[in-house]
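A.B. asks: Before anything else, here's the structure in question.
The values are calculated or read from the model by the stated rules, or taken from the named source; none is laboratory data. Computed from a prediction, not measured in an experiment: that's the story for all the values here. For neighbour counting, all protein chains shown are included, and Cβ atoms are generated from backbone atoms with ideal geometry for every residue, glycine included. To get the accessible areas, we keep the full protein, side chains included, count just its heavy atoms, and leave off ligands, DNA and RNA. Shrake-Rupley method; radii C 1.70, N 1.55, O 1.52, S 1.80 Å.
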Amino acid sequence: MDDDVENGNLVSYQEKARTFPNLRSKPYNPLIFQIFTRINGRVFAVLLLLALGAVLYVGAATSPIVVFVFSICIAAFIFSVYLTRWVLAKDEGPPEMSQISDAIRDGAEGFFRTQYGTISKMAVLLAFVILSIYLFRSTTPQQESSGLGRSTTAFITVAAFLLGALCSGIAGYVGMWVSVRANVRVSSAARRSAREALQIAVRAGGLSAMVVVGMAVIGVAILYATFYVWLGVDSPGSMKVVDLPLLLVGYGFGASFVALFAQLGGGIFTKAADVGADLVGKIEQGIPEDDPRNPAVIADLVGDNVGDCAARGADLFESIAAEIISAMILGGTMAQHCKIEDPSGFILFPLVVHSFDLVVSSVGILSIRGTRELGSKLPVEDPMAILQKGYSVTIVLAVIAFGVSTRWLLYTEQAPSAWLNFALCGLVGIITAYAFVWITKYYTDYKHEPVRTLALSSATGHGTNIIAGVSLGLESTALPVLVISFAIISAYWLGQTSGLMDETGSPTGGLFGTAVATMGMLSTAAYVLTMDMFGPIADNAGGIVEMAQQPESVREITDVLDAVGNTTKATTKGFAIGSAALASFLLFSAYMDEVAAFSHLPFKQVDIAIPEVFIGGLLGSMLIFLFSAWACAAVGKTAQEVVNEVRRQFIERPGIMEYKEKPDYGRCVSIVASASLKEMIKPGALAILSPIIIGFLFKMLGQFTGQPLLGAKVVASLLMFATVSGILMALFLNTAGGAWDNAKKFIETGALGGKGSDCHKAAVTGDTVGDPFKDTAGPSLHVLIKMLATITLVMAPIFL
């Protein structure tokens with residue numbers, strides 16, 4: 001077409017073959033995948049069998065429970081292969097759809113390579129910092145008695161950190177790989193049936209979920225089993241099994257590190273492109289969303305994959321890894337205090353719970369079946385209702401599986417009924433998860449009053465829409481906080497009354513009860529991630545349909561799926577915030593135990609009446625607000641560049657609006673890619689360096705004033721206040737952004753004047769304000785909360 005432009009041979013888009021630019025010359029595959037694809041098939045099969053045999057051997061040498069976990073994870077990977085073949089067997093539709101999908105795929109893979117290349121360099125640099133700290137730190141009495149020296153501990157922690165970072169990166173790549181191939185297949189299916197399109201999107205999301213959760217579980221299990229065999233755990237003169245989980249903390253930190261930068265970079269990319277495309281395209285030019293005339297449309301669709309899919313995969317991977325490790329630490333500590341003969345059940349319980357998660361979520365995914373509605377282009381059933389049915393199936397099975405797991409692993413002769421109390425803790429967690437999903441759905445789904453009220457406020461202008469959205473977001477923090485508070489108190493009380501006593505006769509199961517509740521909340525994580533991945537896949541499918549100029553009836557189907565996807569993404573973020581709150585509570589307790597072990601001093605509470613400790617709390621709250629401000633500012637700054645570029649193209653190429661000239665899509669992709677990589681550094685560095693610098697400075701002040709634990713106490717206060725402030729801020733940002741988005745979607749269904757009306761333009765303004773809230777700052781915050789907890793746990797020695 002570019003040659004036609006130069007020669008003046010111009011006709012309308014409709015009269016020409018629809019072609020779209022490839023943003024890369026050839027598809028990109030990470031180096032590790034390139035190596036695998038070059039290996040001979042038979043050789044690869046032999047290597048795979050040898051690796052499988054080695055894993056099972058190490059598992060058998062550790063515990064039958066570990067073998068069970070390995071078996072379930074391998075079965076989940078086989079199931080994911082089945083889902084892959086099923087999704088890829090679906091057709092890609094007409095050539096114009098495939099061309100658009102190829103452009104999106106090439107842009108997403110190009111950005112992924114650049115972004116993760118940058119992250120990997122920072123991870124290697126941080127690994128050297130961790131190595132240096134651990135080589136010169138003190139050792140705990142447990143490490144001294146087991147003969148585990150500083151150098152061994154240092155290299156173990158660094159290896160775990162790098163493995164966690166690598167697995168988190170792979171999880172992100174899998175999420176993106178799935179979405180860029182499923183989007184066009186959902187678009188094609190929407191030409192035939194809404195239910196078929198729904199099923200493809202769900203199974204594509206399920207494929208990603210199985211791999212992400214399975215990798216998180218098997219990664220921790222392999223590390224645990226390898227260290228168990230290599231260090232000769234529980235043999236005379238060696239490390240005790242109850243101390244082994246502390247060596248896994250680096251794995252969680254590596255996962256958190258990658259997830260934070262993936263979420264920041266991807267969030268800045270997707271929302272800067274989205275805001276720029278909407279402000280100029282919808283408001284100034286009055287063209288539809290995802291219109292092929294908009295120069296930023298490809299960048300917007302690429303952003304859905306790198307921001308919502310790749311980043312969310314890394315995010316949930318990190319959530320599960322951090323929760324598993326913290327629960328293993330607390331389980332080992334409690335078993336040690338209670339003098340339980342075989343503590344392996346309490347330590348390995350989190351791995352078994354998440355193994356069952358893979359099983360029950362697989363059933364939930366398969367329960368959503370596709371049927372073709374012949375002669376009808378409209379859905380005969382609400383897609384959200386279908387997804388909720390699958391979620392209900394998953395929850396029922398999760399309750400049964402959780403009861404079986406607690407009776408199997410948590411039964412002890414010292415307290416025969418303790419397993420029942422812990423089963424009830426798990427039930428509290430499952431109910432909490434369902435409550436979070438329901439609350440978020442209530443505040444973000446346009447079928448309910450809050451979003452409809454927000455949409456109605458658009459009728460009186462842009463300002464009233466913003467005011468209503470902010471007030472809705474602030475109000476939405478109340479119910480989740482009440483639910484979290486009830487969950488923590490209930491689970492702690494159930495754990496305390498379980499009958500487990502320490503050597504002094506005091507009840508000691510409270511913290512572990514809270515850990516079990518967190519496991520219960522995440523016991524359906526694979527299905528929740530499936531619903532989350534469904535959202536950006538449906539969004540991309542709608543964009544492909546619009547750009548390929550398909551009939552309006554097809555776009556109606558993808559619009560419905562997109563609106564449901566906005567709600568599922570919001571509910572998943574609410575779910576992630578709730579789990580982050582509980583997981584951070586557990587990691588905070590583990591941090592206090594770690595400080596006590598290194599300092600040989602009791603560290604049971606944090607007194608905020610001490611001025612320095614109170615200042616630490618203020619700094620923690622400030623960190624949350626400053627991080628959010630920088631994340632939103634990064635989106636705004638990059639969006640301004642996109643707006644200027646889109647305006648420039650419309651002015652300099654007037655034929656774009658008449659389909660006589662093709663927009664330069666690649667220019668907008670280049671702008672947001674380079675800007676997002678640059679802008680993610682500042683807030684990310686703030687998150688990593690703040691607790692280290694603050695802890696070290698107050699440590700020096702404590703040495704000068706004769707307060708040996710001052711640095712550790714200030715960091716504990718920082719972590720406590722940052723967690724509380726971060727939860728509330730994330731709830732506000734995620735819910736307000738989701739509500740603004742669906743208020744716009746509600747108006748686009750034809751309500752209050754429909755598309756192009758003044759009411760719709762006001763709603764678009766609200767949506768653009770909410771974009772950095774819900775897809776950049778909000779999701780990054782709950783990753784930040786858990787990363788602060790893991791980094792303080794890993795860096796605890798430098799605060800002493």
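A.B. asks: Suppose we filter segment 223-246 for residues that are assigned to a helix (DSSP H, G or I), among the hydrophobic types (A, V, I, L, M, F, W, C) and in contact (Cβ under 8 Å) with a residue 60 or more places away in the chain; how many remain?
C.D. replies: 8
A.B. asks: Of everything in segment 637-663, what is under 36 Å from the mean Cα position of the chain (by Cα), within 17 Å of Glu284 (Cα to Cα), open to solvent by less than 80 Å² (accessible area, probe 1.4 Å) and of a type outside the set (D, E, K, R)? Give them in sequence order.
C.D. replies: Ala639, Val642, Val643, Val646, Gln649, Pro663
A.B. asks: Within segment 501-521, identify whether any single residue is closer than 16 Å to Lys573 by Cα, touching a residue at least 60 places away in the same chain (Cβ under 8 Å) and part of a helix (DSSP H, G or I), and answer yes or no.
C.D. replies: Within segment 501-521, one or more residues are closer than 16 Å to Lys573 by Cα, touching a residue at least 60 places away in the same chain (Cβ under 8 Å) and part of a helix (DSSP H, G or I).
A.B. asks: Among (1) open to solvent by 10 Å² or more (accessible area, probe 1.4 Å); (2) under 25 Å from the mean Cα position of the chain (by Cα), there is one condition Ala634 misses while meeting the rest; what is its number?
C.D. replies: All conditions pass for Ala634, except number (1).
A.B. asks: Take Val220 and tell me if it is in contact with a Phe, Trp or Tyr (Cβ under 8 Å, 6 or more places away or on another chain), in a helix (DSSP H, G or I) and of a type in the set (Val, Ile, Thr).
C.D. replies: For Val220, the condition - in contact with a Phe, Trp or Tyr (Cβ under 8 Å, 6 or more places away or on another chain), in a helix (DSSP H, G or I) and of a type in the set (Val, Ile, Thr) - is met.
A.B. asks: Answer with yes or no whether Asp274 is open to solvent by 10 Å² or more (accessible area, probe 1.4 Å) and touching an Asp or Glu at 6+ places or on another chain (Cβ under 8 Å).
C.D. replies: yes
A.B. asks: While we're here: Output the number of residues of segment 270-293 satisfying the condition of being part of a loop (DSSP other than H, G, I, E, B) and closer than 21 Å to His462 by Cβ.
C.D. replies: Number satisfying all stated conditions: 5.
A.B. asks: Considering every residue within segment 93-114, establish whether at least one is part of a helix (DSSP H, G or I), open to solvent by less than 20 Å² (accessible area, probe 1.4 Å) and under 30 Å from Leu793 (Cβ atoms).
C.D. replies: Within segment 93-114, one or more residues are part of a helix (DSSP H, G or I), open to solvent by less than 20 Å² (accessible area, probe 1.4 Å) and under 30 Å from Leu793 (Cβ atoms).
A.B. asks: Still on this structure, please answer the following. Please count how many residues of segment 412-427 are farther than 19 Å from Glu503 by Cα and touching a Phe, Trp or Tyr at 6+ places or on another chain (Cβ under 8 Å).
C.D. replies: Residues in segment 412-427 being farther than 19 Å from Glu503 by Cα and touching a Phe, Trp or Tyr at 6+ places or on another chain (Cβ under 8 Å): 5 in total.
A.B. asks: For segment 208-255, name all the residues that are among the polar types (S, T, N, Q) and buried (at least 23 other Cβ atoms within 10 Å of the Cβ). Walk me through how you get there before you give the answer.
C.D. replies: Here is the first cut: in segment 208-255, the residues among the polar types (S, T, N, Q) are 208, 226, 235, 238.
Ser208 - this is the single residue of segment 208-255 that is among the polar types (S, T, N, Q) and buried (at least 23 other Cβ atoms within 10 Å of the Cβ).
A.B. asks: Looking only at segment 633-668, count every residue that is at pLDDT below 85 and in contact with a Gly (Cβ under 6 Å, 6 or more places away or on another chain) and tell me the total.
C.D. replies: So the count comes out to 1.
A.B. asks: Specify which of the listed residues (Val217, Val184) is at pLDDT 90 or above and in contact with an Asp or Glu (Cβ under 9 Å, 6 or more places away or on another chain). Outline the logic, then answer.
C.D. replies: On the way: Val184 fails: at pLDDT 90 or above.
Exactly one of Val217, Val184 is at pLDDT 90 or above and in contact with an Asp or Glu (Cβ under 9 Å, 6 or more places away or on another chain), namely Val217.
A.B. asks: Still on this structure, please answer the following. Among the residues of segment 327-349, is any in a loop (DSSP other than H, G, I, E, B) and among the polar types (S, T, N, Q)?
C.D. replies: Within segment 327-349, not a single residue is in a loop (DSSP other than H, G, I, E, B) and among the polar types (S, T, N, Q).
A.B. asks: Answer yes or no: is there a residue in segment 346-357 that is closer than 15 Å to Ser584 by Cα, hydrophobic (A, V, I, L, M, F, W, C) and open to solvent by 10 Å² or more (accessible area, probe 1.4 Å).
C.D. replies: No, every residue in segment 346-357 fails to be closer than 15 Å to Ser584 by Cα, hydrophobic (A, V, I, L, M, F, W, C) and open to solvent by 10 Å² or more (accessible area, probe 1.4 Å).
A.B. asks: Another one. Within segment 693-708, is there a residue that is closer than 30 Å to Gly636 by Cα and at pLDDT 85 or above?
C.D. replies: yes
A.B. asks: Now, a different point. Across segment 598-621, which residue is nearest to Phe696 (Cα to Cα) among those that are open to solvent by 70 Å² or more (accessible area, probe 1.4 Å) and of a type in the set (D, E, K, R)?
C.D. replies: Asp607
A.B. asks: Follow-up. Taking Glu284 and the conditions (1) open to solvent by less than 10 Å² (accessible area, probe 1.4 Å); (2) more than 26 Å from Ala327 (Cα to Cα), which numbered condition does it fall short on, given that it satisfies the others?
C.D. replies: It is condition (1) that Glu284 fails.
A.B. asks: Assuming Val769 fulfils every condition listed in (1) open to solvent by 10 Å² or more (accessible area, probe 1.4 Å); (2) farther than 18 Å from Ala563 by Cβ; (3) more than 27 Å from the chain's Cα centre (by Cα) apart from one, which condition is it?
C.D. replies: Looking at each condition in turn, Val769 falls short on (3).
A.B. asks: In addition: For segment 772-800, what are the residues that are under 17 Å from the mean Cα position of the chain (by Cα) and hydrophobic (A, V, I, L, M, F, W, C)?
C.D. replies: Phe773, Ala777, Leu781, Val783, Leu784, Ile785, Met787, Leu788, Ala789
A.B. asks: If you go through segment 529-554 one residue at a time, how many are over 21 Å from the mean Cα position of the chain (by Cα) and open to solvent by 10 Å² or more (accessible area, probe 1.4 Å)?
C.D. replies: Within segment 529-554, residues that are over 21 Å from the mean Cα position of the chain (by Cα) and open to solvent by 10 Å² or more (accessible area, probe 1.4 Å) number 6.
A.B. asks: Which ones in segment 53-92 are part of a loop (DSSP other than H, G, I, E, B) and surrounded by 16 or more Cβ atoms within 10 Å (Cβ to Cβ)? Outline the logic, then answer.
C.D. replies: Pass one, segment 53-92, residues part of a loop (DSSP other than H, G, I, E, B): 63, 89-92.
Scanning segment 53-92 gives Ser63, Lys90, Glu92.
A.B. asks: Can you tell which of Lys786, Lys744, Lys755 is part of a helix (DSSP H, G or I), under 24 Å from Ala455 (Cβ atoms), of a type in the set (Lys, Arg) and touching a helix residue (DSSP H, G or I) at 6+ places or on another chain (Cβ under 9 Å)? Can you show your working first?
C.D. replies: Values: Lys786 fails: under 24 Å from Ala455 (Cβ atoms); Lys755 fails: part of a helix (DSSP H, G or I).
After applying the criteria, what remains is Lys744.
A.B. asks: Okay, moving on. Search segment 433-452 for residues that are on the phi < 0 side of the Ramachandran plot and free of Cβ contacts under 8 Å to residues at least 24 places away in the same chain and pair each with any residue that is part of a helix (DSSP H, G or I) and hydroxyl-bearing (Ser, Thr, Tyr) when their beta-carbon atoms are under 8 Å apart and the residues are at least 6 apart or on different chains.
C.D. replies: His448/Tyr442
A.B. asks: Among the residues of segment 382-429, count how many are crowded, with 19+ Cβ neighbours inside 10 Å, outside any helix (DSSP H, G or I) and either modelled with pLDDT of 90 or more or polar (S, T, N, Q) (or both).
C.D. replies: 1
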